[in-house]
Amino acid sequence: MLGVLPSPPRRAWPRAFGLAVGVWAGLGVGVAAPLDPWGKAAAGLLTASIAGLLSVLRPAEATVAYRAWNKAARMYERAACTAVLALCYGVVAAAGCAGSSLRLQRPAPERSLWYPKATLSLDAYRSQADRPGRPSTGHPWLEVVAWARRSGNTWAVVLVPFLALIGTLDDRERDDAAPAGIYTLF
Amino acid sequence: MTRLIFAAVAALVGFVAMATILVLGLPFWLVGATTRVFARLFEPRWLPATTLTEYAPVVGWKPRANVDGYHCVDDVFHVTTDGDGWRGQRTIEDSDIVVLGDSFAWGYGIDDDHFFANLVPAARVKTIGVMGYNLAQEFLWLERLAPRLSGKLVVWFIYLGNDLIDNVLTHKQGRRMPFMRQVHDTEDWEIVTSHVNPSRWPYTGTYGAIYYEALAQYCTVGAGKRREYAACESLLRRGMALCDAVGARLVILTIPDKAQLSRAGHELLMRGSRDRASFDADLPDHAIRGVCKRLQIPFVAGKQYFDVRDYKARDVHWNEAGHRRMAGILSELYTGDRAGMTASAMSTM
């Protein structure tokens, strides 16, 4: 996710962070300051310059600020991820209120709950993941949409934006430990 | 259809709530994205690992010549190599001390400015180090460069993390490398290079998985005598003979693995060990000291000097403090050498 930065930071990152904060703080001050346009521009520029300079001149303090910001960003992402997941469950629960497609009540006498099913081709048993006859639509979310339509669960399409956001927020599989391409011989 | 309507209504409510969550996260995303843009501008483009070495007949691989660029381990560092691929621009002839070794001697993970070879005040240091080398490869370079080492102090690093075991392995991550093989029915060892060629050595397994297992055994009394020490002794004997022949003075300096330097590291090494009681992180040094004593080579145990804080947190190599520490050791060695310190006196360092 864009919000969480590499940890521990490499040398250039706290400086970049200081400048980034400076740019946005400068913009904020420029917009909010009750001054004429030139005054706003000057105030914004001054704020950005001070923040930028501090990050260059005081790298240790910039690193402390970087770590604190990163901690907050991580906490936000975890909380946001949990909240969006709860919303997702809410949508599923709402869809469930419309009733089940499964026939759950006791069958009438002389009626069976068995459904006739056609057999699968032999190819289907080789690999369940990439068996023939399942053309890929490319993007994983389009796959979800295709599955929803194919399986008669069209309602599930509305979950896609929630799931996409969870996928972006969830950092459990993210690895900041080492960039790719480093030398591993020692 | 009813289900779709129910889901759509719930989703609409959810989108409103989600919008609030997104707005709250906006500062994090904006600052994060801008930081990435600036970091990309400030951080120099670094070379991938494959550009730092290349295939070389007999020795397996060698460092690339005339590199002037950046590489990244835990941070980006600046590295330059000379026309032969050795770190730094000083020539062997122009040096007082020649350091032979693996990635520690190459200065992996450290800028030229903080590289130990550039920090020794009293002496000029040239390093002959290549990432991933074992002692057999280093000996082959010593053999090639011997005529240029006359009158110099040659300090040979032995990294206890993997140098001993690597001496008897045929490849490193599929790259074929010279190794030591015991000559049939004798106590002699030979350096095998016949299998070295550019093709990959077929192997499965995880690189480095056996290193801590081997180091744990070196540190355990019950593990018995290891043939790696015999292979090492054979190489050091040859190295000593070469140095004697050209009038160079050889010193052996062991580099401890950081796992040997802390309680947590000891625990890491001892996990899965059946003989925890006899664990002693100094045992590899004792064994190599014994070898050096037999061969009359001055020996310095790096473990006496280094601290776990001298190593990178996320890598096995030294940080800036570690390089300063090594520069101090070399300075002491050089001073002792000039003062005519005997082998036994150096061994007590």
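Residue under question is B:Gly336, and the condition is that it be at positive phi, at pLDDT below 95 and small (Gly, Ala, Ser); does it hold?
no
Between residues in segment A:98-120 that are modelled with pLDDT of 75 or more and residues that are hydroxyl-bearing (Ser, Thr, Tyr), which pairs lie under 7 Å by C-beta distance while being six or more apart or on different chains?
A:Ala98/B:Thr2
Within segment B:15-40, count every residue that is more than 7 Å from chain A (Cβ to nearest Cβ), farther than 29 Å from A:Val91 by Cα and either in contact (Cβ under 8 Å) with a residue 40 or more places away in the chain or of a type in the set (A, V, I, L, M) (or both).
Total satisfying the criteria: 1.
Can you report the number of residues in segment A:5-41 which are in a loop (DSSP other than H, G, I, E, B), more than 7 Å from chain B (Cβ to nearest Cβ) and either crowded, with 21+ Cβ neighbours inside 10 Å or of a type in the set (A, V, I, L, M) (or both)?
Here the count works out to 3.
Give me the helices (runs of 4 or more DSSP H) completely within segment B:127-241, filtered to those with at least 1 residues that are under 21 Å from the mean Cα position of the chain (by Cα) and closer than 30 Å to B:Glu93 by Cα, ordered by residue number.
B:135-145, B:163-166
How do the pairs read when you match residues in segment B:253-264 that are in a loop (DSSP other than H, G, I, E, B) with residues anywhere that are surrounded by fewer than 19 Cβ atoms within 10 Å (Cβ to Cβ), using Cβ under 7 Å and keeping only pairs 6 or more apart or on different chains?
Hits for this filter: B:Pro256/B:Lys303; B:Ser262/B:Val308.
State whether the residues of segment B:41-51 include one that is modelled with pLDDT under 90, within 53 Å of the chain's Cα centre (by Cα), outside any loop (DSSP other than H, G, I, E, B) and more than 7 Å from chain A (Cβ to nearest Cβ).
Yes: one or more hits.
Restricting to segment A:138-167, and then to whatever is without any contact (Cβ under 8 Å) to a residue 12 or more places away in the chain and in a loop (DSSP other than H, G, I, E, B), can you tell me which residue is nearest to A:Cys81 (Cα to Cα)?
Once the filter is applied, the top-ranked residue is A:His139.
Hey, B:Arg144 hits all of (1) without any contact (Cβ under 8 Å) to a residue 24 or more places away in the chain; (2) closer than 14 Å to B:Arg249 by Cα but one; which does it fall short on?
B:Arg144 satisfies all of (1) without any contact (Cβ under 8 Å) to a residue 24 or more places away in the chain; (2) closer than 14 Å to B:Arg249 by Cα except (2).
The values are calculated or read from the model by the stated rules, or taken from the named source; none is laboratory data. Everything numeric here is computed off the predicted structure, so don't read it as measured data. FYI the Cβ positions are ideal-geometry reconstructions off the backbone, even for glycines, and counts take in every protein chain you see.
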